[in-house]
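The values are calculated or read from the model by the stated rules, or taken from the named source; none is laboratory data. Bear in mind that the values here come from a model prediction, so they are computed numbers and not experimental data. Note that we place each Cβ from the backbone using ideal geometry, even for glycine, and neighbour counts take in every protein chain shown.
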Amino acid sequence: MLKLGKGKKEEKQAANQQLIKKTNLTLIFNLINKYGSISRAELAHVTGLSPTTVSSLAEELIRHDIIFETGEGNTTTSGRKPIMLEVNPNGGYISSIEINEKGYVFSLYNLKCNLVIEKKIEITEYNKIGFLIIRTIEETLLELKIPEEKLFGICLGVPGLIDIVNNRITTSTIVPIDENNDFYEHIKNRFDGITIFLGNESWFSAYAEKEFGTDVNVNNLVFIDINTGVGAGIIVDGKIFTGSQGLAGEIGHMTIDMNGPLCKCGNRGCLETMISIPAIAESIISKTGYESSSKSSPYISITDDCTKSSSQIDFIQKAYYGNNSIAREVVDLAAKRLAFGITNIVNFINPEIVVIGGEITKLGEEFLEKIKYYMKDIQLKPNRGKVELKYSTLKGNTVTLGGAKYILDNILNPGILLHTYQ
């Protein structure tokens, strides 16, 4: 057995102590963040750490402005009142980015997950997206006079299949980024030592729904995002479920008709080819016989830019609520197909809530009620009336919000302060 020399042993012990300290710093920070306001004594009780250790860790975080003391708390005894600790909102920041078919949305959040600034950047050269994101982060920090050491994490939400092992986009039917695009590596190299997480955008929307969108403490939830594409984020036991390779939640590529239309993924009858916004709009246009720019019908009209889901959903909405019989027939069929897709998910995952988000929600409560109607008789009996189906009520960008909160709750390691400030 190889024996370590005295110097090596001391180095190993020092490294272990440093790791333990980082782990405990993370634990203390996350608990303060979770409870909002908590005393040192309560932290010692919850963690099992000694009061001396908790005080030392708290002082470390106070010294670097990550937390602060907020005054005396209440006590049930006649003893000394505890001093409460809270997270300092401006003690650190998280960059959260949604990459989409137009470019990307950059959002900066503080440690309370409050939005500080948001920028929408339109691009055409996706091969340069890594460098562009780096520039946006740098310019924003400079603009707001935020020191770079206060950037604690970067989250990247993408509409595509994610290789979570190698941090690559395997493929996307929405944005021209594939496994050959090394934008993640560029960002990682530039911000070395900072937590960076790459994931499917629907994962983060699902996490935002869990944290901010539901009225009860939900730990098992499915969020279905319907825009240009169709995706889903799955929360199991309070955590994002990615699957072994990051492919979980690809509801858009669930086949509901093996003889259906060919999908970009190579399969046939994918849900995305039938109930995405472009699919619904194109079906209405093809069945009516009108061109997309036609003005000859009072009900069928769409802007010349038929590639944008926002234009398409306005067209669908006007046709549907204008009582165009063909539009109503197409939308009704989309609701039925979506009902079958959701039922399949419910049977597999057994969530408490299924939330629908994206531009499709502009079709209103009538569309949602149609889905519920079709689901009523095809669900397993134990699920009937037990799984809530609702629209998302969150405002703003759920991808960036959920991404920031996910990093804050699960990835963030305040222990990097030991490296940054020493």
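Taken over the stretch 285-331, residues that are modelled with pLDDT under 50 and either surrounded by 15 or more Cβ atoms within 10 Å (Cβ to Cβ) or of a type in the set (A, V, I, L, M, F, W, C) (or both) amount to 6. Where strands (runs of 3 or more DSSP E) fall entirely within the stretch 93-185, those with at least 2 residues that are under 30 Å from residue 63 (Cα atoms) are at 93-99, 103-110, 115-122, 151-158. With respect to residue 145, determine if the residue is of a type in the set (Lys, Arg), within 28 Å of residue 200 (Cβ to Cβ) and assigned by TED's automatic domain parsing to the domain that holds residue 178. Criteria not met by residue 145.
To keep it simple, each residue is scored yes or no on (1) more than 30 Å from residue 155 (Cβ to Cβ); (2) over 14 Å from the mean Cα position of the chain (by Cα); (3) at pLDDT 85 or above.
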| position | (1), (2), (3) |
| --- | --- |
| 369 | yes, yes, yes |
| 372 | yes, yes, yes |
| 394 | no, no, yes |
| 420 | no, yes, no |
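Scanning the stretch 167-222 for residues that are buried (at least 19 other Cβ atoms within 10 Å of the Cβ), closer than 17 Å to residue 238 by Cα and among the hydrophobic types (A, V, I, L, M, F, W, C) yields 203, 204, 206, 208, 221, 222. Among the residues making up the stretch 232-251, those that are closer than 12 Å to residue 159 by Cα and modelled with pLDDT of 90 or more are 232, 233.
Scan the stretch 37-83 for residues that are on the phi > 0 side of the Ramachandran plot and loosely packed, with under 12 Cβ neighbours inside 10 Å and report the count.
Selection size over the stretch 37-83: 2.
Restricting the stretch 16-75 to residues that are among the hydrophobic types (A, V, I, L, M, F, W, C) and in a strand (DSSP E or B) leaves a set whose member that is nearest to residue 238 (Cα to Cα) is 38. Among the residues of the stretch 406-418, just one is part of a helix (DSSP H, G or I) and either at pLDDT 95 or above or among the polar types (S, T, N, Q) (or both), namely 410.
Yes or no, residue by residue, for (1) at pLDDT below 95; (2) within 14 Å of the chain's Cα centre (by Cα); (3) under 13 Å from residue 137 (Cβ atoms); (4) of a type in the set (Phe, Trp, Tyr):
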{"residue": "154", "(1), (2), (3), (4)": "no, yes, yes, no"}
{"residue": "157", "(1), (2), (3), (4)": "no, yes, no, no"}
{"residue": "162", "(1), (2), (3), (4)": "yes, yes, no, no"}
{"residue": "165", "(1), (2), (3), (4)": "yes, no, no, no"}
{"residue": "173", "(1), (2), (3), (4)": "yes, no, no, no"}
{"residue": "176", "(1), (2), (3), (4)": "yes, no, no, no"}
{"residue": "181", "(1), (2), (3), (4)": "yes, no, no, no"}
{"residue": "194", "(1), (2), (3), (4)": "yes, no, yes, no"}
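Selection of the stretch 138-195 for residues being of a type in the set (A, V, I, L, M) and in contact with a Pro (Cβ under 8 Å, 6 or more places away or on another chain) yields 141, 174, 175. Return a yes/no flag: does the stretch 209-232 have any residue that is among the aromatic types (Phe, Trp, Tyr) and part of a strand (DSSP E or B). Within the stretch 209-232, one or more residues are among the aromatic types (Phe, Trp, Tyr) and part of a strand (DSSP E or B). The set of residues in the stretch 88-139 being surrounded by fewer than 20 Cβ atoms within 10 Å (Cβ to Cβ), farther than 24 Å from residue 208 by Cα and either in the same structural domain as residue 358 (by TED's automatic domain parsing) or not acidic (Asp, Glu) (or both) consists of 123, 124, 126, 127, 128, 131, 132, 134, 135.
The number of residues in the stretch 143-158 being surrounded by 15 or more Cβ atoms within 10 Å (Cβ to Cβ), out of contact with any Ser or Thr (no Cβ under 6 Å at 6 or more places or on another chain) and not charged (D, E, K, R) comes to 6.
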